[in-house]
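A short write-up of the structure that comes next.
The values are calculated or read from the model by the stated rules, or taken from the named source; none is laboratory data. All values reported here derive from a predicted model rather than from experimental measurement. No Cβ is skipped: glycine too gets one built from the backbone with ideal geometry, and neighbour counts run over all protein chains shown. We work out accessible area using only protein heavy atoms, side chains counted, and drop any ligands, DNA or RNA first. Shrake-Rupley method; radii C 1.70, N 1.55, O 1.52, S 1.80 Å.
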Amino acid sequence: GNFITVGSLPWDWRDGQNDNLWQGVDGINNPCPPGWRVPTDDELDVERLSWAPDNNSTGAFASDLKWPVGGGRLDDGALLNVGSAGYVWSSSVSGAVARRLYFDSGSASMDSDRRARGMSVRCVRDN
C-alpha cells in the first residue's frame with residue numbers, strides 16, 4: 001500500500017528526474033550504508049558474465065553473491081515474477097530510463113527499465 005505508483009511518462013516516481021541520486025558513495029540519495037554504493041551497469045555486467053556457463057538464475061545463485069530471484073514491482077505496484085526472476089537496479093541511467101540486471105531460468109542480461117518500477121538493490125564497497 002505504500003508503493004509510489006506512476007501512470008504516465010516519463011515513468012519515474014520523482015517529479016523532475018534526477019540522474020545523480022545514486023551516483024557513488026556520496027550520491028545525494030544513495031540507498032546504501034555509509035561507504036557503500038549502488039554498482040554501475042558495467043560492474044553488474046562483469047558479475048553476470050562470471051556466471052558462465054550458466055548465464056541464468058542458476059548461475060546467479062551459484063555465484064559467491066547468491067543472487068536471489070526476488071522478482072519486482074510494476075509501475076502500479078503489482079508484484080512481478082517473485083520466485084522466478086531477479087531484477088537488480090544499477091546506478092547507471094540511459095535517457096529517461098535506468099539500467100538493470102535481469103535473470104531468470106533461461107537467461108541473464110543487462111537492459112533498461114522504467115524508474116518507477118521496484119527492483120532489488122545490491123550495494124558494493126570500493127576497496
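The fraction of Cα-Cα pairs per 5 angstrom bin, counted from 0 for segment 45-100, comes to 5, 17, 22, 23, 18, 11, 3, 0 percent, rounded to whole percents. Taking label positions 7 Å along the Cα-Cβ direction at both Ser84 and Leu9, the computed distance is 3.2 nm, reported to one decimal. Taking 7 Å steps out from each Cα toward its Cβ at Thr58 and Ser112 produces label points 3.3 nm apart. Evaluated on the chain, the Kirkwood hydrodynamic radius is 15.0 Å, with distances taken between all distinct Cα atoms.
Over every Cα atom in segment 66-127, the radius of gyration and the widest Cα-Cα span, Dmax, amount to 11.7, 38 Å.
Only protein atoms count toward the accessible area here, which uses a 1.4 Å probe; on segment 1-124, the carbon and sulfur part of that area reaches 52 percent. Normalised by the number of residues in the chain, the average gap of Cα pairs under 8 Å and 6 or more apart makes the relative contact order 27 percent. Here the Karplus curve 6.51 cos²θ - 1.76 cosθ + 1.60, taken at θ = phi - 60°, turns the phi angles of segment 61-73 into couplings of 6, 6, 5, 4, 8, 6, 5, x, 8, x, x, x, 10 Hz, with x standing for Gly and Pro.
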